[in-house]
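Working notes for the structure below.
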Amino acid sequence: MKSFTNSLLYPAGIDLFCTGKKFLVYNMVSRNLKIKYRRSVLGIFWTLLNPLALATIYYFVFKVVMNVQLPNYLPFILSGVLPWAFFSQSVSESTESFVANAGLLTKVPVPIQVFPYVGVLTNFVTLVLATPIILVAAWLHQTPITAAYFLFPFYGLALFAMAYSASIVLAISFVYFRDLKHLVGLILQIWFYASPIVYREQMIPEKYRWILFFNPLGQIFEGIHSVLLDGQAPSVWSLATVCFWVFVFLAVALFFQKRLCRELVESL
């Protein structure tokens, strides 16, 4: 796995995480957050209010209107919608990252992976800031707090790796296929309802549950719910499934980088 990560992050012998590149990433993330909320009264708090408002809507629709019979549904919704908001926003925003920075890429020798990485990292800051809200909601609803909570960072990092890998693939593909922007939005909408975010795996008829294995995010969200709401560590099979999909995403991103990155700048 280390060789995959090194190859993905160190294009053409350039270390993305050397001191100079760390400074570049830090400044780009800071710039993104400042530009995004410039002249906004609430500023960075909008990064929390938007997904919280969305979670409130889903809670009203599924719990109040549709009367979904799940205990502790508020922390359940928060623990699903907020990580999903990170993933979906990272992927959708990073899709155009190479094209949007074409002027810089064609003039300055910057590692192209910096741009999707900065986009994903910017949204990851939002998820980190939102995590206490999830934990407080779980505590207020008296969910069991156990050692299984220590697995939550594992799922956060897995989601980060998958969002970053998907962002690289989509950003490269968008250079050659501009209709991808509209297709990504549709895929994300379908993916949301195909994942156990607003429902539990147990609510799916047993004969169809095997389909979740083919959903790369299925075991991540089911694992998050299991850890934060049930206080139980997921099965070894579930954890292995998450690791498998992370490896697949990294492998596909590496393949795209090796095959297409050399010609990418000329195609911008």
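Some observations on this one:
- Fully extended contour minus Cα-Cα distance, from residue 27 to residue 259, at 0.36 nm per residue: 80.6 nm
- Under 17 Å from the residue 50 label point (7 Å along Cα→beta-carbon), backbone N, the range 123-142: 123-131
- The simple spin-label model puts a point 7 Å past each Cα toward its Cβ; for residue 102 and residue 189 those points are separated by 2.7 nm.
Each value in this text was obtained by applying a stated rule to the coordinates, not by laboratory testing. Owing to the predicted nature of the structure, the values given are computational and were not obtained by experimental measurement. Glycine also receives a Cβ, built like all others from the backbone with ideal geometry; neighbour counts cover every protein chain displayed.
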